[in-house]
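The values are calculated or read from the model by the stated rules, or taken from the named source; none is laboratory data. Note that the coordinates shown come from a computational prediction; the quantities given were computed from them, not determined experimentally. A quick note on method: Cβ atoms are made from the backbone with ideal geometry, for glycine too, and the neighbour counts reach across all protein chains shown.
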Amino acid sequence: MKARLSLFTIVMMLSALTLSGQGARWKFLGERLVNDRLDHDVIMVTAVEGDLKAIQIRVKGASVDFHKLVVVYGNGRRQEIALRHTISAGGVSRAIDLAGDERIVRSVEFWYDANSIRGRKARVRLFGRG
């Protein structure tokens, strides 16, 4: 009983520390539905939400094979990120740090395909952290 209580206390303290950090909150930027063929989609990011230090991808419904993503900054510069990674249904990517001082994001382009069964689509959600 004491071991469970101690473990619970440690987990809660770590959660509180993570959430209390400046800019630690992820904000929702957009989402797309993905079918089981190679797909390319763009999520536009508004200027209000665009001042970001990192992005994160969350997947629901079915796993998704990510091939690459391209972050397009406000000045037109493009940062290509080769993911070559599968995110399972209910999974989350690592925090993807954005390059340099060019933090205003205009859009994020995805190249991916879902591992869907019987027409079930995956939902890819993009989050950003300032």
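Out of VAL92, VAL105, one residue alone is without any contact (Cβ under 8 Å) to a residue 40 or more places away in the chain and either among the polar types (S, T, N, Q) or in contact with a strand residue (DSSP E or B) (Cβ under 7 Å, 6 or more places away or on another chain) (or both). It is VAL92.
Looking at this structure, is GLY100 without any contact (Cβ under 8 Å) to a residue 24 or more places away in the chain, surrounded by fewer than 14 Cβ atoms within 10 Å (Cβ to Cβ) and out of contact with any Gly (no Cβ under 7 Å at 6 or more places or on another chain)? In short, yes. The condition (being modelled with pLDDT under 90, farther than 16 Å from ARG129 by Cβ and in a strand (DSSP E or B)) is satisfied by just one residue among ASP41, ASP36, ASP113: ASP113. Taken together, THR46, THR86 contain a single residue that is farther than 13 Å from ALA114 by Cα, of a type outside the set (A, V, I, L, M) and at pLDDT below 95, which is THR46. Where strands (runs of 3 or more DSSP E) fall entirely within segment 46-97, those with at least 1 residues that are out of contact with any Phe, Trp or Tyr (no Cβ under 9 Å at 6 or more places or on another chain) and surrounded by fewer than 12 Cβ atoms within 10 Å (Cβ to Cβ) are at 78-87.
Looking across segment 27-85 at every residue that is farther than 12 Å from VAL108 by Cα and among the β-branched types (Val, Ile, Thr), the one that is nearest to the chain's Cα centre (by Cα) is identified as VAL59.
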